[in-house]
Amino acid sequence: MNHDGSIPGTSLRQLRAFVEVYRWRKLSAAADRLYLTHSAVSVLIRQLEAATGTSLFDRTTRSLSPTEAAHEMLPVAERILRDVRSLETGFRGQAAPSGRIGIAVTPTIALTLVPPVIRHFNDLHPGVRVQLVDCETEQFVPRILSEQVDFGIGSPDQEVAALSQRTLIHDHLALVCLPSHPLARRRQVRWSDLAGHALITVKAGYGIRNAIDRTARAANVALDIQQEVSLLTTALAMSASGLGASIVPAELVAQCGFKELVARKIHAPVVTRNISVVAKRDRTLSVAAKTFIETMQAYLAHPRA
């Protein structure tokens with residue numbers, strides 16, 4: 001043994017085998033306790049004896065008798081294994097979700113998607129504090145990059161090399177209107193079909209507006225945008241009042257509960273607008289943050305459950 005009481009050249013498997021053989025005085029009994037074969041335990045004991053340079057057991061036909069060296073080694077081996085168990089228990093304790101989570105979200109998602117998930121998560125993990133940071137679209141990515149939050153939930157307009165995205169909801173742009181609207185009866189709505197109809201969507205520079213303008217130009221269609229709003233939920237409320245059709249992500253209708261409205265996917269082309277978990281690539285998320293994301297995925301898959 002070293003001056004500090006450690007045993008040089010040994011492994012934890014060898015020490016566990018030694019303690020069990022010492023306790024039971026039989027290789028077969030120790031093997032049963034360790035879920036190993038008789039021969040595997042025998043090899044571990046021989047390796048330990050070779051590492052320590054001493055014989056630990058006197059062999060007889062029926063049992064093993066500990067030597068004086070084994071009696072001296074036992075308390076040291078037990079202390080080492082006890083320390084390892086304490087260390088493992090400490091790390092398992094850290095693995096339980098706790099602490100605080102900061103999540104960046106855009107206003108629409110803050111209003112619709114996230115609050116019920118937070119409520120569900122709080123019921124499951126009351127020891128974790130979830131801080132929702134609602135911000136404008138242009139602030140969403142900077143808050144994640146500057147690590148003001150742990151991660152974000154949203155739809156970035158473009159990919160950023162320093163960020164990773166994990167899709168939560170696959171979504172697309174849709175025309176949302178009352179069932180009485182002329183386009184509601186179309187089997188398929190194309191971007192070219194939107195010409196001449198009063199439309200409602202977000203202001204220039206907000207969220208999906210860049211994608212709408214870019215797609216309309218590519219489809220060579222002039223959109224008659226009658227109302228420009230800051231929040232997509234406002235657009236839906238106006239459409240529900242019969243003020244025109246909205247161009248919004250389809251999932252928003254389901255999340256907001258506007259049951260009187262219908263959503264028609266806009267084709268030629270279909271514009272995807274997925275909602276994702278967005279985080280820095282080089283940042284390891286805490287156990288609490290990972291647990292929240294897993295909880296959100298499960299909740300979105302089975303919201304009523």
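Bear in mind that the values in this text are calculations on the coordinates, not laboratory data. Predicted model only: the values in this text are computed from it and were never measured. Quick reminder, even Gly has a Cβ in these numbers, built from the backbone with ideal geometry, and neighbours come from all protein chains shown.
One table, with the values for the structure above:
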| quantity | calculated |
| --- | --- |
| Relative contact order (%) - region 40-184, alpha-carbon pairs under 8 angstrom, separation at least six | 18 |
| Extension gain from L285 to L12, taking 0.36 nm per residue of separation minus the Cα-Cα distance | 95.2 nm |
| For region 12-95, average projected area of the Cα convex hull in nm² | 5.8 |
| Whole-angstrom gap from region 132-180 to region 248-305, using each part's C-alpha centre | 10 |
| Kirkwood Rh, Cα atoms: Rg over Rh of region 109-154 | 1.00 |
| Region 173-267: relative contact order as a whole-number percent, Cα under 8 Å and 6+ apart | 49 |
| Theoretical FRET efficiency, 1/(1+(r/R0)^6), r = Cβ-Cβ of A268 and R129, R0 51 Å, to 0.05 | 0.65 |
| Identified option (computed percent of Cα pairs over 33 Å apart; candidates (i) 25; (ii) 16; (iii) 50) | (iii) |
| Length-normalised contact order for the chain - Cα pairs under 8 Å, 6+ apart - percent | 20 |
| 222 nm mean residue ellipticity, helices alone, for the chain (DSSP H n ≥ 4; -39,500 (n - 2.57); rounded to 500) | -13500 deg cm²/dmol |
| Separation in nanometres of the label points that stand 7 Å from Cα toward Cβ, at Y35 and A50 | 2.7 |
| Radius ratio Rg over Rh of region 173-267, counting only Cα atoms, Kirkwood formula for Rh | 0.91 |
| Highest to lowest packing among 23-33, 287-297, 240-250, scored as the average C-beta count within 10 Å | 240-250, 287-297, 23-33 |
| Fully extended contour minus Cα-Cα distance, from L231 to V160, at 0.36 nm per residue | 23.1 nm |
